[in-house]
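Visitor: Before I ask anything, here is the structure I am working with.
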Amino acid sequence: MASISASTTHKVGIKKKPASKIASSKISSKKSSASKSLQRRGSVAPKLKGSELNHPDTLSKFLSLDEAQQKDRTLKEFLPHCLGERATFHEGIAKPHTASTTQSRGAAAADIAIIVKELGAVVVLKRFGVLAEIEKTLLPLGIGAVFGNGPGAGINPGGGMRKIASAVSLASMDSTGFTDDFPSNMSIGTSTIGTDSKRGKTTPSNAREGALLLLRALCELGMKSVEPYVVPMLAAALDECGSSSSSIREAAEDASVAIVSLANPLAASRLIVPVIFEALHSPEWRVKSAALDRLTQVSERAPQQVSRLLPKIIPTVTAQVWDTKPQVTKSANQTLLAVCQTNENPDVSPAIPAVVNAISKPSDTYKAVEELMATTFVATVDSSTLAILCPILSRGLKEKNAVRKRSCCVVIENMSRLVDSPNAVAPFGPLLVPELKKVVENVQFEDIRDVALSALQSLTRALGHSDVEDAMKSIMQAEADQAEAEQKRIEDALEDERRAEEEQRKKEEEERRQFKEAMEAQRLLEKLALEEEEKKKQQAMLKKEQQMKSTKSASGKCQGCGLKKCPKSCLFYSK
């Protein structure tokens, strides 16, 4: 029998209860929320806060200085800190040097923004030279080298920004205006250049990040006086979205969002949208994705301006839908839906999602046509509405199914009756008239041919022509003029290339001639030096022979007795 004493211990086993489903779901939700918090935040970044001038005492002390001292402190203390340069013993002798961080650069940028708010944008950015330092940091090769492989290199030299730079001068901010003839044939390549050094970015990464943070801080002021200086830097901000550094990409994205948020809606058609179009030429897919996101933002801030530009925007964005990078494709689909929803036609608005889906998925074209078949056109049809509908209708007319062709013809006829002006439908005539004529001539069903003929007549009247033949002649003439203009552009480009090659050839010939003359002069100098050296050697040998023949040495003493005046006993004695 077992005895029990005070030292006896007993182990009691407690059965663990399995974790409930609710608890496990809470844990999983916490993990998912934690993973979401670690991801990149959305398009809205927290506002930057200053470190020194954020306090009223230090700000009043700074404002009490004269203008020269304010400029000296801005350029030698705040701006270097913003661009990643930390001054020695700035924080006292106990801390001789502190490394520059993103937080410190952001705080210095916020301090400069406070100075701009107190002293004015013209004083700080122009008179103090802060804007020039930003341009030097972000655009070391000039704005013409943005969105490309560098000036004069690659398929799209300089990214096409030279014509925009000629209209907007970053140094003077004088605007001479733009034309609406934006390039619509965007490249859909997704090649990447690689690191920042290969992209021509020689400025230190800390300085570029600090300049982008400064642009963002200036935009966060919300001052209209800052807008003329900051908005033209959108090209540099978008170009930095393709950086190999994640911190620079984040700062560039935040800066571009802030610039678009600050810009006046009237600047969308003249400055912002052309820069975004040129950003789509960039070989960096991140730059394309950021540019498409900014176009979505512009469509939210300036829907009227974007709606007027739909005939140019839709072909440009549609070209990016077929990009090989899924990130660019996703951004293009979202942007396409956002810009199409800026259209003010209430009849087409319910069918816009189906139409946009059909643009990215050609197999769903008939679904979009069915949505349009159910639409009753009452409002006036303008060019932006035609830009949305005509690509889908043209694709539907090319299908093999005759019934689907009939549906497209019905939609075209209903739409053509409400066109506001011939100028609105003129760009889309070459897209629809030839296809309608093919349906009239080739489809075997008479009722479908009659519907197509009625649609063709309605479209012809909308184009401002009396009959179909007149419309076809006008379209053929327009296409011929366009082909001639394109041929002239190609010839001019070839002529410019030939002229550049000829200048390069002449330059190389001149360099070879100068090199040949320099080598010939060098050979002549070497020959003269050898002759001079040979002459000196001959003179030395002659002098030595004369000394050997003479009874006197070089010091004037006799070589026999060693005296300057020989005694009678010397062999060389002479009276």
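Visitor: Restrict the check to the stretch 255-275 and report whether at least one residue is in contact with a Leu (Cβ under 6 Å, 6 or more places away or on another chain) and free of Cβ contacts under 8 Å to residues at least 40 places away in the same chain.
Guide: Yes, the stretch 255-275 contains at least one residue that is in contact with a Leu (Cβ under 6 Å, 6 or more places away or on another chain) and free of Cβ contacts under 8 Å to residues at least 40 places away in the same chain.
Visitor: Quick check: anything in the stretch 256-277 modelled with pLDDT of 90 or more, open to solvent by 40 Å² or more (accessible area, probe 1.4 Å) and among the charged types (D, E, K, R)?
Guide: no
Visitor: Yes or no: the stretch 375-383 includes at least one residue that is acidic (Asp, Glu), in contact (Cβ under 8 Å) with a residue 24 or more places away in the chain and closer than 29 Å to Val260 by Cβ.
Guide: As a first pass, look at the stretch 375-383 and keep what is acidic (Asp, Glu): 382.
Now restrict to residues that are in contact (Cβ under 8 Å) with a residue 24 or more places away in the chain: 382.
Filter again for closer than 29 Å to Val260 by Cβ, leaving 382.
Yes, the stretch 375-383 contains a residue that is acidic (Asp, Glu), in contact (Cβ under 8 Å) with a residue 24 or more places away in the chain and closer than 29 Å to Val260 by Cβ.
Visitor: Here are Ser225, Ser256, Ser244: which of them is part of a helix (DSSP H, G or I), small (Gly, Ala, Ser) and out of contact with any strand residue (DSSP E or B) (no Cβ under 7 Å at 6 or more places or on another chain)?
Guide: That would be Ser256, the only listed residue that is part of a helix (DSSP H, G or I), small (Gly, Ala, Ser) and out of contact with any strand residue (DSSP E or B) (no Cβ under 7 Å at 6 or more places or on another chain).
Visitor: Residues to consider are Thr376, Thr365; find the one that is more than 29 Å from the chain's Cα centre (by Cα), surrounded by fewer than 16 Cβ atoms within 10 Å (Cβ to Cβ) and more than 23 Å from Pro274 (Cβ to Cβ).
Guide: Thr376
Visitor: Restricting to the stretch 455-467, give me the number of residues that are open to solvent by 30 Å² or more (accessible area, probe 1.4 Å) and either modelled with pLDDT of 65 or more or in contact with a helix residue (DSSP H, G or I) (Cβ under 7 Å, 6 or more places away or on another chain) (or both).
Guide: 5
Visitor: In addition: So, restricting to helices (runs of 4 or more DSSP H) that lie completely within the stretch 273-354, which ones have at least 3 residues that are of a type in the set (D, E, K, R) and over 24 Å from Phe377 (Cα atoms)?
Guide: Values: elements: 273-279, 285-301, 303-308, 310-321, 326-340.
Fully inside the stretch 273-354 and qualifying: 285-301.
Visitor: Return the residues of the stretch 111-135 that are of a type in the set (Gly, Ala, Ser) and either free of Cβ contacts under 8 Å to residues at least 60 places away in the same chain or open to solvent by less than 10 Å² (accessible area, probe 1.4 Å) (or both); say none if nothing qualifies.
Guide: Hits for the stretch 111-135 are Ala113, Ala121, Gly129, Ala132.
Visitor: Among (1) of a type in the set (Phe, Trp, Tyr); (2) open to solvent by less than 70 Å² (accessible area, probe 1.4 Å); (3) modelled with pLDDT under 75, there is one condition Phe89 misses while meeting the rest; what is its number?
Guide: Failed condition: (2).
Visitor: If you scan the stretch 399-427, which residues turn out to be under 38 Å from the mean Cα position of the chain (by Cα) and open to solvent by 20 Å² or more (accessible area, probe 1.4 Å)?
Guide: Answer for the stretch 399-427, where residues must be under 38 Å from the mean Cα position of the chain (by Cα) and open to solvent by 20 Å² or more (accessible area, probe 1.4 Å): Val419, Asp420, Ser421, Pro422, Asn423, Ala426, Pro427.
Visitor: Something else: Identify all residues within the stretch 280-324 that are touching a Phe, Trp or Tyr at 6+ places or on another chain (Cβ under 7 Å), open to solvent by 10 Å² or more (accessible area, probe 1.4 Å) and at pLDDT 90 or above; write none if there are none.
Guide: Result: Lys312, single match.
Visitor: Also, quick follow-up: Report yes if Ser394 is in contact (Cβ under 8 Å) with a residue 12 or more places away in the chain, more than 20 Å from Glu435 (Cα to Cα) and not in a loop (DSSP other than H, G, I, E, B), otherwise no. Lay out the reasoning, then the answer.
Guide: Values: in contact (Cβ under 8 Å) with a residue 12 or more places away in the chain: yes; more than 20 Å from Glu435 (Cα to Cα): no; not in a loop (DSSP other than H, G, I, E, B): yes.
No.
The values are calculated or read from the model by the stated rules, or taken from the named source; none is laboratory data. Here the structure is a predicted model, which is why all the values come from computation and not from measurement. Reconstructed Cβ throughout: ideal geometry from the backbone, glycine too, with neighbour counts over all protein chains shown. Each accessible area value is taken on the protein alone, full model and side chains, heavy atoms only, with ligands, DNA and RNA left out. Shrake-Rupley method; radii C 1.70, N 1.55, O 1.52, S 1.80 Å.
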